[in-house]
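Worksheet for the structure shown next.
None of the figures in this text is laboratory data; all of them are computed from the coordinates on show. On a predicted model such as this, the values are computed, not experimentally measured, just so you know. Glycine gets a Cβ as well: all are built from the backbone with ideal geometry, and neighbour counts include every protein chain shown.
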Amino acid sequence: MSGWLAAARAVGVETASRHAKDVDAAARFPSESFAALKAARLLGIMVPASEGGDGAGIAEVVSICHALGQYCASTAMIYAMHQIQVSCLVRHGAGSDWHRGFMRRVADEQLLLASATSEAGVGGDVRSSICAIEEVDGRFSLAKQATVISYGADSDAIMVTARRTPASPASDQVIVVVPKSDCVLDGQSDWDTLGMRGTCSNGYHLKATGEIAQIIPKPYADVSAQTMLPTSHLVWSALWSGIATDAVARARAFVRAEARKKGGAPASAWRLAEAASLLQLMKSNVVAALRQYEAALGSEDRLSALSFAVAMNNLKTGSSQMAVQVINHALLICGLSGYRNDTPFSLGRHLRDAHSAALMVNNDRILANTGNLLMALREDPELLP
């Protein structure tokens, strides 16, 4: 186990698990968990060593997301979304003095990064923007009606998508790094939801100003395809498998307790094997996709290939569906003890949090996109790549 993973597990055991119930009940930011993650210096681990970070790779972040998901899904999701932004900054801002300087701040100050990619009026399509960069004398301004900015009020900076210019088409986007000191957030909607309540994904009218140098030089289309999309699907799937892992652990503990009490396994014990099999498949899918992404890093052609996009889309839709299936199996095993909120085997929060997975970039949208991609691809009859 790496030092980073051990530190994350310690945060999970000692802090996140203790406050998870209250974070969920109050729909509040998991401040205790993030104070602990910052103290453990886990927010800037992906920043290169040349800029003061640890130079961790995507595998380490995936492992941490899986670990945190076993203790508090909201903490894990916020950590995952933060690292998605850090990965975009590191991979696509390295050629910019401003962005390298900001990386040093992320590592040194353990800054928490949020994102504003959603926008009212585009029908949920994050690859389209209405708001645009207005440039005057080397500075920019923008105004965005963001339907969701997760943990926006508690973040230290927000990475915002916008059209390159007011005359640009909706798909000609850039992404700009906006420290909180450069923006104003006017709250438009609250976050009172079934699950993932601690992500505090409120809607805001965002206004920002700053230097043109804060815009990441690469087109957002490339940033999205090569980094944001695969990283999102990997870290999300990892934390969803973390939620499912804890659900199976609770089901296993229930079966053991019943066996000790009654001198034999309960009638539902066979479902434990089925749940474990599904969980193994879910984890295997994450690991396989992770290895595929690691192999593609460094090759823009491979990262932009249709087959790669299909694989990452399949990871997201498959993991989001399987998480709910695994937890449902665990609930059937634990019965009323899992259905209640006041037992060690309670699974209500797990199930509510897992149901968010199919809606985070709606599976219907992803499946429709995958279907279109598949029509352009050749059949692949091989088992091994």
Item to check | Cα centroid separation, the stretch 161-218 to the stretch 70-132 (Å) | outcome: 10 Å
Item to check | Computed magnitude of the charge dipole of the stretch 30-149 (debye, nearest 20; Cβ of K, R +1, Cβ of D, E -1) | outcome: 140 debye
Next on the checklist: With only alpha-carbon atoms in the gyration tensor, what are the semi-axes of the equivalent ellipsoid for the stretch 114-214, in Å, largest first?
Outcome noted: 23, 16, 10
Next on the checklist: Given the options Ala76, Val223, Leu206, identify the residue whose Cα lies farthest towards the positive end of the charge dipole of the chain (+1 on Cβ of Lys, Arg; -1 on Cβ of Asp, Glu).
Outcome noted: Ala76
Item to check | Segments 188-196, 271-279, 109-117 sorted - mean Cβ within 10 Å per residue, highest first | outcome: 109-117, 271-279, 188-196
Checklist entry - So what's the angle, to the nearest 10 degrees on a 0 to 90 scale, between helix 229-262 and the longest Cα principal axis of the chain? => result 20 degrees
Checklist outcome for this item: What the Cα atoms of the stretch 3-112 span along the principal axes, largest first and in whole Å, is 43, 26, 19
Checklist entry - Once you charge only the Cβ atoms, +1 for Lys and Arg and -1 for Asp and Glu, what is the size of the charge dipole of the stretch 220-375 about its Cα centre, to the nearest 20 debye? => result 860 debye
Item to check | Set of aspartates and glutamates with alpha-carbon distance to Lys218 below 15 Å, sequence-local pairs under 8 removed | outcome: Asp97, Asp172, Glu300
Checklist outcome for this item: When the charge dipole of the stretch 1-145 is computed with +1 at the Cβ of Lys and Arg and -1 at the Cβ of Asp and Glu, the Cα pointing farthest to the positive end, of Ala107, Thr15, Gly93, is that of Thr15
Checklist outcome for this item: Per-residue ellipticity at 222 nm attributable to helices in the chain (runs of n ≥ 4 DSSP H, -39500 (n - 2.57) apiece, nearest 500 deg cm²/dmol) works out to -16500 deg cm²/dmol
Next on the checklist: Restricted to Cα positions, what overall size does the stretch 200-357 have along the principal axes? Three whole-Å values, descending.
Outcome noted: 69, 38, 17
Checklist entry - Relative contact order for the chain using alpha-carbon pairs under 8 Å, separation at least 6, rounded to a whole percent? => result 16 percent
Checklist entry - Hey, if you put +1 on the Cβ of every Lys and Arg and -1 on every Asp and Glu Cβ in the stretch 107-243, which of Ser118, Ser141, Ser171 ends up farthest toward the positive end of that dipole? => result Ser171
